[in-house]
Structures are given as C-alpha cells and as structure tokens.
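See structure below.
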Amino acid sequence: MAAAVSSIQISDLTEWRRTVASLLLPLDIQTDDENFRARIDAITVNGIRLFTVSASRHWLERTRRLASAGADPFFSISVQLEGTSTISQHGHHDVLMPGDFTVYDSTVPYERRFEADSSSLVVMFPQQLINLPPKALAGIAGLRISGAEGFGAIVSAFLVGVARNLPALEGRLGLSMAASMVDLVTAAFSEKMGIVAPNRSRSRLEQMMAIRESIMAKLGDPELAPDAIAAEHFISTRQLHILFREQGTTVSTWIRERRLEMIRRDLVDPLQESESIRTLAERWGFPDATHFSRVFKETYGETPRRYRQQAQQPR
C-alpha cells in the first residue's frame, strides 16, 4: 500500500529541522548559508519510507541522545545523486560521490556533511528487513559502496532510477520494488564483506509488511489486539506471534512502541501545540493518562510535558 508522493520546499532552517524530524528522524542540523533552501519529496510504501532530499550547504548529526530516544530501529540507505557528502558512523568515514551509497543505523550516532548544494535518495526501513548475520549488521553502518564499478554500479543504477521516478511506487508493484531495493543493497554489502546473505521468503516479508501497515491504520484503537489482527490476515494468533518473534519483538511491544513514537512526533509538531497531552495520548490508543505518562518517561527519559517544553525551546 502506497500513498502519493508529497513535496515540501523550505527556506527556513528551523522549519527544515521540524520537517526532517517529522518525516525522517530527529537530527541536529546546522548551516552557515544565509540563503539556506531545501526540498523533500516523500512516499511511504508499506512501512518503507523513501525521500529525495535536495539542500544547500549544511551539516547534520544524529547525536547520542537522539539515537537512544527509543524510536523504531531503522536502517537508511543513502544514495548520493548530485554533489558530494561525507558519512561518519561506527568508525567508518567516507566521501560519497554521485552514484555512491551507504547504509546508516538510526540507533547509533552518525554525522553527514554536505559542503555545497547536493541531492540524495534516502530509503528508511525497519532494521530486520536487512537479511544479514548479526555480526555483519554491526559492520555495514557508514560503509561506502562505490556506484562506479562492479555489483555496486548495478545497484546504484537501480536506486538512481527509483529516485528519478518516485511516482512509479504509487502503484500495486510499489511494495515489490521497495523490497527489491533492500535486497539489492543487502547483496551489495554481502559482496563487499565477503559473506553470503541467508535466503528469505518474499511472501513472508510481504505478509509481515501488510500486517504492520494494517496495525498502523488502527493504531489509535485501544482495543487493538493480536486475535483481531490475526483474524484480519487469515492466520492464527500463534502464527502472528511467530512472525513478530522472528523480527526480534512481540506484537504488543511493537504496537506500544509505534504508539509512543506517534505521540512523540505530535508533541514536537508545532501544528499540534494547541492539543493537550491527554488528547494526543488518547488519539494514539492510550486512554489511561497516568499509565501513558509513566511508559513515555521510561522510554524517552522525560515526562511528556517536559519533552514538549524542551522541543519548543529556541535552539
């Protein structure tokens, strides 16, 4: 299931920070360009988020505090389309030329520097979709794959083609194309690291992504439960629990984490400033305000009220 491509153009750095936090990840973004400008085109395909981002000179950092904020763990594929950039994560530091790509981990601090006008494709997806052994996962973050030669050139051409044709993902083949991107990038890193990625059932992947998408559509329902989710997808509750266990989580944990993340985003959204915290909590399936406040603080280290206040302070 895919939404239509949306486009946003911004010339204010503060607004750009808010937009990036809302659509991608909370990041510390800086620039010395008085005429800073940026544009983002975005589409979501069954939980896989794709963006083309163009901006003038700037630097961004996923700080340790932001990386440990408790959001859904994501990997991001970043393909340099125009200009150059640098990526630093996990001890890797590399320069990305047009066509080069890398993967970075949302749960680990990283830095990107764009010293001049540039554009990139960013593909965000749940970490469990990269089908590599655990030790290999720790080694790929911040590693550059050249788009100039070998298998990397083949993968790069595909990714660049996707970036130039995001509307093509709006159709029924969008999920297969998005999943193919993840598989191709996994293969590219497998080749670079000299390992073999385990085989994965595409039908099982598509089933899991469809379940995640349907949960997100009903996330505000406090009565959302595994039995109803399983029945909707014509599987047993036991099969549902097995699917989530294979992803390293449980159904209830995944639902709770998604609810908390949606509320966190609303708390820092200036368009939601007039909404009470209780209203936001109820909107996303937390009818008990006391329980919500306790769980939020356990997850993000601050009460919802304090978290909102900090987000509203001038940088």
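Mind checking whether some residue in the range 31-39 is part of a strand (DSSP E or B) and at pLDDT 95 or above?
Initially, the range 31-39 is screened for residues part of a strand (DSSP E or B), giving 38-39.
Now restrict to residues that are at pLDDT 95 or above: 38-39.
Yes, the conditions are met somewhere in the range 31-39.
State which residue is nearest to THR31 (Cα to Cα) when the search covers only the range 56-79 and only residues that are out of contact with any helix residue (DSSP H, G or I) (no Cβ under 8 Å at 6 or more places or on another chain) and in contact (Cβ under 8 Å) with a residue 60 or more places away in the chain.
ARG57
Is the range 234-247 home to any residue that is surrounded by 14 or more Cβ atoms within 10 Å (Cβ to Cβ), β-branched (Val, Ile, Thr) and under 24 Å from the mean Cα position of the chain (by Cα)? Spell out the reasoning first.
Just the residues of the range 234-247 that are surrounded by 14 or more Cβ atoms within 10 Å (Cβ to Cβ), to begin with: 235, 237, 240-241, 243-244, 247.
Among the residues that remain, those that are also β-branched (Val, Ile, Thr) are: 235, 237.
Filter once more, keeping what is under 24 Å from the mean Cα position of the chain (by Cα): none.
Within the range 234-247 (the criterion being surrounded by 14 or more Cβ atoms within 10 Å (Cβ to Cβ), β-branched (Val, Ile, Thr) and under 24 Å from the mean Cα position of the chain (by Cα)), the answer is no, since none of the residues qualifies.
Output the number of the condition that TYR104 fails; it satisfies all remaining conditions of (1) in a strand (DSSP E or B); (2) out of contact with any Asp or Glu (no Cβ under 6 Å at 6 or more places or on another chain); (3) surrounded by fewer than 17 Cβ atoms within 10 Å (Cβ to Cβ).
The one condition TYR104 does not meet is (3).
What about SER54, is it surrounded by fewer than 16 Cβ atoms within 10 Å (Cβ to Cβ), farther than 16 Å from THR107 by Cβ and in contact with a strand residue (DSSP E or B) (Cβ under 9 Å, 6 or more places away or on another chain)? Break it down into steps so the answer makes sense when it comes.
Numbers: surrounded by fewer than 16 Cβ atoms within 10 Å (Cβ to Cβ): no; farther than 16 Å from THR107 by Cβ: yes; in contact with a strand residue (DSSP E or B) (Cβ under 9 Å, 6 or more places away or on another chain): yes.
For SER54, the condition - surrounded by fewer than 16 Cβ atoms within 10 Å (Cβ to Cβ), farther than 16 Å from THR107 by Cβ and in contact with a strand residue (DSSP E or B) (Cβ under 9 Å, 6 or more places away or on another chain) - is not met.
Condition (residue is closer than 16 Å to PRO287 by Cβ and either outside the structural domain of LEU24 (by TED's automatic domain parsing) or modelled with pLDDT of 90 or more (or both)) applied to the range 224-241: is it met by at least one residue? Break it down stepwise before answering.
Kept after step one, since they are closer than 16 Å to PRO287 by Cβ, are these residues of the range 224-241: 224-225.
Next, only the ones that are either outside the structural domain of LEU24 (by TED's automatic domain parsing) or modelled with pLDDT of 90 or more (or both) stay: 224-225.
Within the range 224-241 (the criterion being closer than 16 Å to PRO287 by Cβ and either outside the structural domain of LEU24 (by TED's automatic domain parsing) or modelled with pLDDT of 90 or more (or both)), the answer is yes, since at least one residue qualifies.
Could you count how many residues in the range 127-175 are part of a loop (DSSP other than H, G, I, E, B) and either surrounded by fewer than 15 Cβ atoms within 10 Å (Cβ to Cβ) or at pLDDT below 90 (or both)? Walk me through it before giving the result.
As a first pass, look at the range 127-175 and keep what is part of a loop (DSSP other than H, G, I, E, B): 130-133, 142-143, 146-149, 165, 171-173.
With either surrounded by fewer than 15 Cβ atoms within 10 Å (Cβ to Cβ) or at pLDDT below 90 (or both) added as a condition, the list becomes 130-133, 142-143, 148-149, 165, 171-173.
Final tally of qualifying residues: 12.
Please work out which residue is surrounded by the most Cβ atoms within 10 Å (Cβ to Cβ), limiting yourself to the range 5-14 and to residues that are under 21 Å from ILE43 (Cβ atoms) and not β-branched (Val, Ile, Thr).
Quick first cut of the range 5-14, residues under 21 Å from ILE43 (Cβ atoms) only: 5-10.
The next check asks that each one be not β-branched (Val, Ile, Thr); those that pass are 6-7, 9.
Values: SER6: 13, SER7: 10, GLN9: 10.
Within the range 5-14, the match that is surrounded by the most Cβ atoms within 10 Å (Cβ to Cβ) is SER6.
Which count do you get for residues in the range 283-300 that are assigned to a helix (DSSP H, G or I), farther than 25 Å from LEU66 by Cβ and either among the polar types (S, T, N, Q) or touching a residue at least 12 places away in the same chain (Cβ under 8 Å) (or both)? Full working, then the answer.
From the range 283-300, those assigned to a helix (DSSP H, G or I) are 283, 289-300; that's our starting set.
Next, only the ones that are farther than 25 Å from LEU66 by Cβ stay: 289-291.
From what is left, the residues that are either among the polar types (S, T, N, Q) or touching a residue at least 12 places away in the same chain (Cβ under 8 Å) (or both) are 289-290.
Number of matching residues: 2.
Across the range 15-30, what is the number of residues that are in a strand (DSSP E or B) and crowded, with 19+ Cβ neighbours inside 10 Å?
Final tally of qualifying residues: 1.
Any residue in the range 254-263 that is over 26 Å from ARG64 (Cβ atoms), surrounded by fewer than 18 Cβ atoms within 10 Å (Cβ to Cβ) and within 22 Å of the chain's Cα centre (by Cα)?
Just the residues of the range 254-263 that are over 26 Å from ARG64 (Cβ atoms), to begin with: 255.
So of that shortlist, the ones also surrounded by fewer than 18 Cβ atoms within 10 Å (Cβ to Cβ) come out as none.
Scanning the range 254-263, I find no residue that is over 26 Å from ARG64 (Cβ atoms), surrounded by fewer than 18 Cβ atoms within 10 Å (Cβ to Cβ) and within 22 Å of the chain's Cα centre (by Cα), so the answer is no.
Does SER88 fit the bill of being of a type in the set (Ser, Thr, Tyr), surrounded by fewer than 21 Cβ atoms within 10 Å (Cβ to Cβ), in contact (Cβ under 8 Å) with a residue 12 or more places away in the chain and within 22 Å of ASN165 (Cβ to Cβ)? Write out each step before concluding.
On the way: of a type in the set (Ser, Thr, Tyr): yes; surrounded by fewer than 21 Cβ atoms within 10 Å (Cβ to Cβ): yes; in contact (Cβ under 8 Å) with a residue 12 or more places away in the chain: yes; within 22 Å of ASN165 (Cβ to Cβ): no.
It is false that SER88 is of a type in the set (Ser, Thr, Tyr), surrounded by fewer than 21 Cβ atoms within 10 Å (Cβ to Cβ), in contact (Cβ under 8 Å) with a residue 12 or more places away in the chain and within 22 Å of ASN165 (Cβ to Cβ).
Any residue in the range 43-55 that is outside the structural domain of LEU169 (by TED's automatic domain parsing) sitting within a Cβ distance under 6 Å of a residue that is part of a strand (DSSP E or B) and among the hydroxyl-bearing types (Ser, Thr, Tyr)? List the pairs, counting only those 6 or more apart or interchain.
none
The values are calculated or read from the model by the stated rules, or taken from the named source; none is laboratory data. Because the structure is a prediction, the values reported are computed rather than measured. Quick reminder, even Gly has a Cβ in these numbers, built from the backbone with ideal geometry, and neighbours come from all protein chains shown.
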